[in-house]
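A.B. asks: The following block contains the structure, expressed as structure tokens.
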Amino acid sequence: LAQPVTPELLVSPSSQDGDLGSACPEDRGNWTGRLDFLLSCIGYCVGLGNVWRFPYRAYTNGGGAFLVPYFIMLAICGIPIFFMELSLGQFSSLGPLAVWKISPLFKGVGMGTILIVSLVAIYYNMIIAYVLFYLFASLTSDLPWQHCGNWWNTDLCLDHHVIKAGNTTFPVNITNTVSPSEEYWSRYVLHIQGSSGIGDPGRIRWNLCLCLLLSWTIVYLCILKGVKSSGKVVYFTATFPYLILVMLLIRGVTLEGAWKGIQFYLTPQFDHLLSSKVWIEAALQIFYSLGVGFGGLLTFASYNTFHQNIYRDTFIVTLGNAITSILAGFAIFSVLGYMSQELGVPVNQVAKAGPGLAFVVYPQAMTMLPLSPFWSFLFFFMLLTLGLDSQFAFMETIVTAVTDEFPYYLRPKKASFSAVICITLFLMGLILTTEGGMYWLVLLDDYSAGFGLMVVVITTCLVVTRVYGMKRFCRDIHMMLGFKPGPYFRACWMVLSPATMMALLVYNIVKYQPSEYGSYRFPAWAEVLGILMGVLSCLMIPAGMVVAVLREEGTLWERVQQASRPAMDWGPSLEENRTGLYV
């Protein structure tokens, strides 16, 4: 039998002729400061979703009562899976592909993760491009979405300043009208009237294309030197949004009518807790908000020193993330309350989620304030910093995953490899800058990280606890942190987390609804394309299994058994940390 080559790597690099030098973790780099890791995780988890998804989800699912399922789900499937991902990364010092040395049979899970992250990175940066567009548009004395009468406005456009001036003389019927900010977004920024649907993208909008190029350039410059550069940028991008959020919050709460919005946001409707939908929504919010399963946490933890206290960091990040979401809700809903009073309509008519909140409702509310360009600039600057550090994480995940697979060739050329990935994803994102680009963005948003992501997380959970073994995993954590995880973590990893995820997955499939954007329904082929995106990341898992089994020798069952055992060089990367079984 041919001798397997892997054990060579177990020899310490010093005893070799230096040819193994590039496989040495020193070369991989580490965080340079103590707070780099913590701030990177906070920046990654606290993203656009905290501002535009959470407040709306809370208000539609029982207001203050929503916090009950939210925190229960945080405890059941947020914190445990977060901790599991950090532990895997820190223990092995490997990216999301190479970490599957833990059980090579399941390497396809890593491939699925990379596919999902790449798709998300493409459209997430387009959202940052929209934010940049609005940021530049705010640098005027008069916001361009303040009034009707521009070339992009239609006859339906109704300016609220006009209503306020004329509300004594004639009653205005505002049911069939459109706000100037709505027309600015759809007819000027997106120019969506130039496209008849997803199959007819129309022309490229050059101003959006330049914004996309700019956002990719910013991201590239920040991840140029890997965690050494992005770890410094997050000192700004992870902390500054809090400053702006507090300013917006104070400004919001001091407006008249603010309490109306806050009342709407927080009035608990406990009857909602009896419906399964609310629990599922809470779990989904936790799942996407913490960014588990995207490989970002694993990647960041892999640059830690071996004994870093990730147990403490887990609680800081997960609870900080939850508190940020709740704070953002106050900032958003206080302004919506003021706006509903100004327009004389109930709050539920102005409340929206997603891009509609960030690019239509909130900008419209800004025009009602004195010093509107200043507040508008602040709001979009906050969105920019919130979005950027999440995007750093996605890019760092892709780059790390591939360079850890081919350390000899790619690690010395990490900067140029990062450039290649950024350029590729920029070119793939060009379709999002067309007149029908918004339809593609919605499709990517709905399907790229849907059920595929859940399958990835469920599989990871099951492989670590069942295939690798709970005892082994707890022993590894004991090696790193000096204590074993308590019964709470073990119960969640073994039963509660996978079961909750399974319920989410089943619910997602049973309650499947075709995508739509406003009144536009997507054609059948677009639906199929979307579902294929999700299925493709799941299919990576069986594909990876086939490859792993073919690499082994013996009967089929022997091959499967061999492929599911940890690789020879699995374990801590530095010789001094290889104690116990790993010596």
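The values are calculated or read from the model by the stated rules, or taken from the named source; none is laboratory data. Because the structure is predicted, anything quoted here is derived from the model rather than measured. Positions of Cβ are backbone-derived with ideal geometry, glycine not excepted, and every protein chain shown enters the neighbour counts. Surface accessibility is based on the protein's heavy atoms, side chains included, excluding ligands, DNA and RNA. Shrake-Rupley method; radii C 1.70, N 1.55, O 1.52, S 1.80 Å.
A.B. asks: If Lys and Arg each add +1 and Asp and Glu each add -1, what is the summed charge of the other residues whose beta carbon sits under 15 Å from the beta carbon of L357?
C.D. replies: +1
A.B. asks: What are the principal axis extents of the Cα atoms in segment 39-178, in Å, biggest first?
C.D. replies: Cα extents, longest axis first: 74, 37, 27 Å.
A.B. asks: For the chain, what does the relative contact order come out to in percent, with C-alpha contacts under 8 Å and a separation of six or more? Don't skip to the answer; put the middle values down first.
C.D. replies: Values: 869 pairs, mean separation 192.5, N = 583.
After rounding, I find 33 percent.
A.B. asks: Can you send over the solvent-accessible area of L532, 1.4 Å probe, protein chains only, in Å² to the nearest 10?
C.D. replies: L532 exposes around 100 Å² with every protein chain in place.
A.B. asks: Ignoring ligands, DNA and RNA, please state the percent of accessible area on the chain from carbon and sulfur, probe 1.4 Å.
C.D. replies: 67
A.B. asks: Using helices alone, what [θ] at 222 nm do you get for the chain, with -39,500 (n - 2.57) per DSSP H run of 4 or more residues, divided over all residues and rounded to the nearest 500?
C.D. replies: Calculated from helices alone, the mean residue ellipticity at 222 nm is -18500 deg cm²/dmol.
A.B. asks: Here's a follow-up. What does the accessible area per residue of segment 527-570 come to in Å², with a 1.4 Å probe and no ligands, DNA or RNA counted?
C.D. replies: Working: 2680 Å² over 44 residues.
For segment 527-570, the solvent-accessible area averages 61 Å² per residue.
A.B. asks: For the pair A75 and K232, what calculated FRET efficiency results from E = 1/(1 + (r/R0)^6), where r is the Cβ-Cβ distance and R0 = 30 Å, to the nearest 0.05?
C.D. replies: Numbers: r = 33 Å, r/R0 = 1.11.
After rounding to 0.05, the efficiency reads 0.35.
A.B. asks: Order E183, E405, E516, most accessible first, counting only protein heavy atoms with a 1.4 angstrom probe.
C.D. replies: Numbers: E183 5, E405 60, E516 90 Å².
These residues rank, largest area first, as E516, E405, E183.
A.B. asks: Still on this model: Of all trypsin sites (Lys or Arg not before Pro) in segment 500-552, which ones are in loop regions per DSSP and have a Cβ with at most 15 other Cβ atoms within 10 Å?
C.D. replies: Those satisfying the criteria are K511.
A.B. asks: Determine the shape class of segment 262-343: with a ≥ b ≥ c the square roots of the Cα gyration tensor eigenvalues, call it rounded for a/c under 1.5, and otherwise prolate if a/b is greater than b/c, oblate otherwise. Could you put the intermediate results ahead of the total?
C.D. replies: Working: a/c = 2.99, a/b = 1.94, b/c = 1.54.
Taking the square roots of the gyration eigenvalues as a ≥ b ≥ c, segment 262-343 is prolate.
A.B. asks: Just to confirm a number: summing +1 for Lys and Arg and -1 for Asp and Glu over residues other than L67 whose beta-carbon lies under 14 angstrom from that of L67, what do you get? Working shown, then result.
C.D. replies: Working: positive: R57; negative: E281.
It works out to a net charge of 0.
A.B. asks: Something else about it: Give the shape of segment 84-127 as rounded, prolate or oblate, defined through the alpha-carbon gyration tensor: a ≥ b ≥ c are the square roots of its eigenvalues, a/c under 1.5 means rounded, and otherwise the shape is prolate if a/b is larger than b/c and oblate if not.
C.D. replies: Numbers: a/c = 3.63, a/b = 1.83, b/c = 1.98.
Taking the square roots of the gyration eigenvalues as a ≥ b ≥ c, segment 84-127 is oblate.
A.B. asks: With every protein chain left in place, what is the accessible area per residue of segment 292-410 in square angstrom, probe 1.4 Å?
C.D. replies: Value returned for segment 292-410: 26 Å² of accessible area per residue.
A.B. asks: May I ask you to list, by number, the DSSP H helices of the chain whose Cα span along the axis is at least 18 Å and whose average Kyte-Doolittle hydropathy reaches 1.6 or more?
C.D. replies: 107-137, 206-223, 240-253, 414-428, 524-551
A.B. asks: Can you report the principal axis dimensions of segment 427-583 using only the alpha carbons, biggest first, rounded to whole angstrom?
C.D. replies: Principal axes ranked by extent give 61, 40, 31 Å for the Cα atoms.
A.B. asks: Can you tell me how much longer the chain between Y409 and L243 gets when fully stretched, taken as 0.36 nm per residue apart minus their C-alpha distance, in nm with one decimal?
C.D. replies: 55.5 nm
A.B. asks: Taking the Kirkwood radius as the inverse of the mean 1/r across Cα pairs, report the Rg/Rh of the chain.
C.D. replies: That ratio equals 0.99.
A.B. asks: Among 201-208, 310-317, how do they line up by average Cβ neighbours within 10 Å per residue, starting with the highest?
C.D. replies: 310-317, 201-208
A.B. asks: Taking loop as defined by DSSP and a crowding limit of 12 other beta carbons within 10 Å, which chymotrypsin sites (Phe, Trp or Tyr not before Pro) in segment 495-546 fit?
C.D. replies: Hits after loop and neighbour filter: Y512.
A.B. asks: Okay, next question. Give the shape of segment 533-583 as rounded, prolate or oblate, defined through the alpha-carbon gyration tensor: a ≥ b ≥ c are the square roots of its eigenvalues, a/c under 1.5 means rounded, and otherwise the shape is prolate if a/b is larger than b/c and oblate if not.
C.D. replies: In terms of gyration-tensor shape, oblate.
A.B. asks: Quick one: if the Förster radius is 30 Å, what FRET efficiency do D569 and I316 give, using the C-beta to C-beta distance and rounding to 0.05? Working shown, then result.
C.D. replies: On the way: r = 32 Å, r/R0 = 1.08.
FRET efficiency, D569 to I316: 0.40.
A.B. asks: Might you work out the accessible area of S573 for me, using a 1.4 Å probe with all protein chains in place, and round it to the nearest 10 Å²?
C.D. replies: Estimated to the nearest 10 Å², S573 gives 50 Å².
A.B. asks: Here's a follow-up. Given R₀ = 60 Å, FRET efficiency for E558-E256 by Cβ-Cβ distance, to 0.05?
C.D. replies: Approximately 0.20, to the nearest 0.05.
A.B. asks: Show me the ranking of peptides 110-116, 40-46 by mean Cβ neighbours inside 10 Å, starting with the highest.
C.D. replies: Output ranking for 110-116, 40-46: 40-46, 110-116.
A.B. asks: Let me ask something else. Under a Cβ-Cβ cut-off of 15 Å, what is the net charge of the residues other than L245 that fall near it, where Lys and Arg count +1 and Asp and Glu count -1? Can you show the working numbers first?
C.D. replies: Values: positive: R251; negative: D389.
Spelling it out: positives minus negatives among the neighbours equals 0.
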